[in-house]
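Report on the following structure.
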Amino acid sequence: MSSDDELAERLRGGDEQALRTAYDRHGAAVLHLAQRLLGNRADAEDVTQLTFVAAWTGRDGFDPQRGTMLGWLLGIARRKAVDRVRAAMRDGRATETARALHPPPGAEETPEQIVDRLVVADELSRLPDEQRRTLELAFFDDLTHAQIAAVTGLPLGTVKSHIRRGMAHLRRRWEVDGAARGSRSAGPTRAL
């Protein structure tokens, strides 16, 4: 039995030290793949962490007869990276919509844009203060996640979580009442 086979057996048995050993052994390869797919070290680190959490929670699904532990972990990492890209695309579309709702000074607004802006302002006011502030800094001040963390003093992961949850809340509202229907852009998006 190879050392990865023994490691897999221990992992499936719920040995937390086996997870640590798997990370020590294969974490760099998972990080490398995630960084290649995402092009961003911070996102790649998040995907690496998500990969090993998913490996732990789904450890019963690993079958050494079907492939190596490294192959299994890289497969998880690839799926997590794709999920991250898709989420960024969704958030990018929502970001473009929110930016369109905040016209530059002196620009003439259509009645639809005014209604959309009021709906967004109402929904933002319903969010918890920190979450609302992070969204405002991201959309209206055009700050990156790292810049928001520096301005607010919040950890980077908390900033990302606030933005993700706030965007999900706004997205649900838009889906329910169809707000911002005409202002959504199908053009290229910019990740935060």
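The values are calculated or read from the model by the stated rules, or taken from the named source; none is laboratory data. Source: prediction; values computed, not measured. Quick reminder, even Gly has a Cβ in these numbers, built from the backbone with ideal geometry, and neighbours come from all protein chains shown.
Could you tell me whether ALA179 is crowded, with 19+ Cβ neighbours inside 10 Å, assigned to a loop (DSSP other than H, G, I, E, B), modelled with pLDDT under 75 and among the small types (Gly, Ala, Ser)?
yes
Only one residue in ARG117, ARG86 is part of a helix (DSSP H, G or I), at pLDDT below 70, out of contact with any strand residue (DSSP E or B) (no Cβ under 7 Å at 6 or more places or on another chain) and among the charged types (D, E, K, R), so which one is that?
Unique residue meeting the criteria: ARG117.
Go through GLY75, GLY92, GLY58 for me and flag whichever is modelled with pLDDT under 90 and out of contact with any Phe, Trp or Tyr (no Cβ under 7 Å at 6 or more places or on another chain).
Within the list GLY75, GLY92, GLY58, the selection yields GLY92.
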